[in-house]
Amino acid sequence: MEKPRVAFFDFASCEGCQLQVINLEEDLLKVLEAVDVVTFREAMKEHSDNYDIAFVEGAITRKSDEERLKGIRANAGVLVALGSCATLGGITCLKNFHDQEYVRKLVYGDKASHYETYPSRPLNAVVPVDFKIHGCPINRDEFAMVVKALLLGKNPEINNFPVCVECKMAENICVFEKGMTCMGPVTRAGCGACCVTEGSFCWGCRGLVDDPNADSQREVLATHGLSVQDILGSFRLYTGFSEVAK
Ligand code: SF4
Ligand code: SF4
Ligand code: SF4
């Protein structure tokens, strides 16, 4: 039986999510043995426009990106956004809070006129996206789960509960108790609350749960005199494109 043909693409990004795939460990490599990788600029020089599944990393940061992304969408049976730049616009959306001409000159100096730019956006602001693998960077286990599900013809089950649940399971002391602020009550779980476990707090890299205003974890915020809107206003690192953060 012919293996599904898989291609990887990138737009504006640090390429850290593709690196997570390249650094796959043995069991995950077995997953990739079940597919034919036909395009993966970061890992191989071959290229093909004939593929079934496209994994796309990065945000759309200029008008000319749109045509390329639409071409990928037209070729792919399934398009998966890879990492928070692709799923949310992510860190690249920080520039959206500044004048675009100002940031263009800041980055490119006297060569600015040679480079186009426009407000950053996630892939689904330009084309339909079938599935999202969240995180900055993505979690390799979650990537493997999504690939396995797609190979079985199933929809991958992406978590839709907050990081606080995993944080409590990890028996962390809540950072609010230490006078810090945290995006955990409104952020989609799947990372095991690793940042809190490592001594920091959640920055919200996996994006918001589907309805943060309705989630019971808002009680964590209320206990500390905060609302969902207060916390979204404090964190724009990853959720800048989201209307709810504006
Ligand atoms: S989501 Fe994070 S790790 Fe992945 S490409 Fe964007 S900045 Fe890099
Ligand atoms: S608010 Fe942050 S530190 Fe507190 S339980 Fe939730 S994820 Fe953990
Ligand atoms: S704890 Fe928050 S910032 Fe850290 S990986 Fe998880 S979702 Fe991302």
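Quick check: anything in region 59-70 hydrophobic (A, V, I, L, M, F, W, C) and under 14 Å from the mean Cα position of the chain (by Cα)?
Checking region 59-70: at least one residue is hydrophobic (A, V, I, L, M, F, W, C) and under 14 Å from the mean Cα position of the chain (by Cα).
Could you run through region 189-213 and say how many residues are touching a residue at least 24 places away in the same chain (Cβ under 8 Å) and near ligand 3 (Cβ under 7 Å from one of its atoms)?
8
Report yes if Ala43 is over 18 Å from Lys132 (Cα atoms), away from ligand 2 (no atom under 16 Å from the Cβ) and in contact with a Leu (Cβ under 6 Å, 6 or more places away or on another chain), otherwise no.
Answer is no for this residue.
Quick check, is Ile72 at pLDDT below 90 and assigned by TED's automatic domain parsing to the domain that holds Arg121?
No; evaluated as a whole, the condition is false for this residue.
Would you confirm whether or not region 31-51 contains a residue that is within 22 Å of Glu2 (Cα to Cα), under 20 Å from the mean Cα position of the chain (by Cα), not assigned by TED's automatic domain parsing to the domain that holds Phe235 and not acidic (Asp, Glu)?
Yes, because at least one residue in region 31-51 is within 22 Å of Glu2 (Cα to Cα), under 20 Å from the mean Cα position of the chain (by Cα), not assigned by TED's automatic domain parsing to the domain that holds Phe235 and not acidic (Asp, Glu).
Within the bounds of region 215-223, is there any residue that is part of a loop (DSSP other than H, G, I, E, B), surrounded by 14 or more Cβ atoms within 10 Å (Cβ to Cβ) and modelled with pLDDT of 75 or more?
Among the residues of region 215-223, not one is part of a loop (DSSP other than H, G, I, E, B), surrounded by 14 or more Cβ atoms within 10 Å (Cβ to Cβ) and modelled with pLDDT of 75 or more, which makes the answer no.
Residue by residue, here is whether (1) under 15 Å from Lys132 (Cα atoms); (2) in contact with a strand residue (DSSP E or B) (Cβ under 7 Å, 6 or more places away or on another chain) holds:
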position	(1), (2)
Val35	no, yes
Val38	no, yes
Thr61	no, yes
Arg68	no, no
Gly71	no, no
Leu79	yes, yes
Ser84	yes, yes
Leu94	no, no
Phe97	no, no
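Answer yes if at least one residue in region 65-78 is surrounded by 17 or more Cβ atoms within 10 Å (Cβ to Cβ), touching a Gly at 6+ places or on another chain (Cβ under 9 Å), farther than 16 Å from Gln18 by Cβ and not aliphatic (A, V, I, L, M), and no otherwise.
Checked region 65-78: at least one residue is surrounded by 17 or more Cβ atoms within 10 Å (Cβ to Cβ), touching a Gly at 6+ places or on another chain (Cβ under 9 Å), farther than 16 Å from Gln18 by Cβ and not aliphatic (A, V, I, L, M).
Looking only at region 163-172, decide whether some residue is under 16 Å from the mean Cα position of the chain (by Cα) and not polar (S, T, N, Q).
Scanning region 163-172 turns up at least one residue that is under 16 Å from the mean Cα position of the chain (by Cα) and not polar (S, T, N, Q).
Per-residue answers, yes or no, for (1) more than 18 Å from Leu24 (Cβ to Cβ); (2) touching a helix residue (DSSP H, G or I) at 6+ places or on another chain (Cβ under 7 Å):
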{"residue": "Lys105", "(1), (2)": "yes, yes"}
{"residue": "Val126", "(1), (2)": "yes, yes"}
{"residue": "Ile138", "(1), (2)": "no, yes"}
{"residue": "Gly153", "(1), (2)": "yes, no"}
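Is it fair to say Leu237 is in contact (Cβ under 8 Å) with a residue 60 or more places away in the chain, assigned to a loop (DSSP other than H, G, I, E, B) and closer than 24 Å to Leu82 by Cβ?
So Leu237 fits the description; yes.
The values are calculated or read from the model by the stated rules, or taken from the named source; none is laboratory data. Source: prediction; values computed, not measured. FYI the Cβ positions are ideal-geometry reconstructions off the backbone, even for glycines, and counts take in every protein chain you see.
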